[in-house]
1. Restricting attention to segment 119-129, does a residue exist that is farther than 18 Å from Leu217 by Cα and among the aliphatic types (A, V, I, L, M)?
2. Tell me yes or no: at least one residue of segment 23-44 is β-branched (Val, Ile, Thr), within 13 Å of ligand 1 (Cβ to nearest atom), more than 17 Å from Gly222 (Cα to Cα) and surrounded by 15 or more Cβ atoms within 10 Å (Cβ to Cβ).
3. If you check Thr80, Thr55, which single one turns out to be modelled with pLDDT under 95 and within 16 Å of ligand 1 (Cβ to nearest atom)?
4. Looking at segment 123-146, I want the residues that are over 16 Å from Val73 (Cβ atoms) and have a partner that is hydroxyl-bearing (Ser, Thr, Tyr) and within 16 Å of ligand 2 (Cβ to nearest atom) with Cβ atoms under 9 Å, at least 6 apart or on another chain. Which pairs are those?
5. Between residues in segment 74-102 that are under 17 Å from Ala43 (Cβ atoms) and residues that are small (Gly, Ala, Ser) and within 16 Å of ligand 2 (Cβ to nearest atom), which pairs lie under 6 Å by C-beta distance while being six or more apart or on different chains?
6. Only one of Val185, Val152, Val173 is touching a residue at least 24 places away in the same chain (Cβ under 8 Å), in contact with a helix residue (DSSP H, G or I) (Cβ under 7 Å, 6 or more places away or on another chain), under 28 Å from Ala29 (Cα atoms) and not polar (S, T, N, Q); which?
7. Please indicate, with yes or no, whether at least one residue in segment 40-56 is touching a residue at least 40 places away in the same chain (Cβ under 8 Å), more than 27 Å from Met177 (Cα to Cα) and among the β-branched types (Val, Ile, Thr).
8. Please go through segment 18-67 and give me each residue that is closer than 22 Å to Leu133 by Cβ, not charged (D, E, K, R) and not in a helix (DSSP H, G or I), ordered by number.
Amino acid sequence: MPEPIVAEEGEVFDIELEEDVLRRNREIADSNRRLLDEKGIVAIDVMGSVGSGKTAILESLSEALKGKYRIAVIAGDVTTSIDAERMRKRGIASIQVNTGKECHLDANLVAKALKALDLNSLDLIFIENVGNLICPAEFPLGAHKRMVVVSVTEGEYMVSKHPFMFMASQVAVINKMDMAKYMGVDPDSLEREAKRINPKITVVRTSAKTGEGIEELIGALGLKR
Ligand code: MG
Ligand code: ZN
C-alpha cells in the first residue's frame, strides 16, 4: 500500500486557520469569559457530530437543572432553527445562531448571541456548537467547560479520529448507551481511547432516552441539582 499523503501544517487552503484569525478569536473568547464571569454565568460549549444527541442531552440536562438555574441555550447550526425550537418548547430560553457556510461557532458569533440575551436573568448557558468534530476544537468561545458528545451509533472510531476535540474538552459523553448492545460498539474501548488521548478527561456514559448518566454528567460539569 502506498504511504498516505500527509498535509503539512498550513498546507490545506483554509482561511479560517490563519494565525491572526485564531488570535483574534482567542481575544474575543477572553472577553466573552470576562462578561460571563461578571454576570455570574457559567457557560458550557457542547460539541459533537450531527446526530450524536447534543440537543437531546441538553433537553435532559435543562429539565433536571431548571429548578436550580436560569438557563439559556445558544444553538449553533448551519441553516436551521430546529434545535432552538426544541429547547423553547421545553420552556428554555434559546437563541439560534446560523453560521451559513461555516462549520463551527466562533467567539465573535457567541459575543453577538450574548448581546441578544438578558444576561442579568441567567445563571447557566449551554452553547450547542455546529455538528462537526474537527474545527470547533480550534475556536474556543469563552465557555468555562467544553464537552464533547459521541454516541455508540457512530461506530468505534469516533474518538480516535477526532483527537483534537478530545484534547480540547474536559468532559466526554458516550451517548445512546441504550443502543450499545445492538451496535456492537464497545463503550469501554471508546472510553479507553478518550483517556489515552486526554488522561484528564472525565468520561460519562449516558442515554438521553432512559436518563442513564444524566446525574453523573451534571456532577462532571461541576453543576448541582
Ligand atoms: Mg442538535
Ligand atoms: Zn469549521
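The values are calculated or read from the model by the stated rules, or taken from the named source; none is laboratory data. No experiment lies behind these values; they were computed from the predicted model shown. Heads up, the Cβs are rebuilt from the backbone with ideal geometry, glycines too, and the neighbour counts pull from every protein chain shown.
1. yes
2. no
3. Thr80
4. Close Cβ pairs (under 9 Å, with a partner that is hydroxyl-bearing (Ser, Thr, Tyr) and within 16 Å of ligand 2 (Cβ to nearest atom)) amount to Asn132/Ser49; Leu133/Ser49.
5. Cβ pairs passing all conditions: Val97/Gly76.
6. Going through Val185, Val152, Val173 in turn, the sole match is Val173.
7. Yes.
8. Correct list: Ala43, Ile44, Val46, Met47, Gly48, Ser49, Val50, Gly51, Ser52, Gly53.
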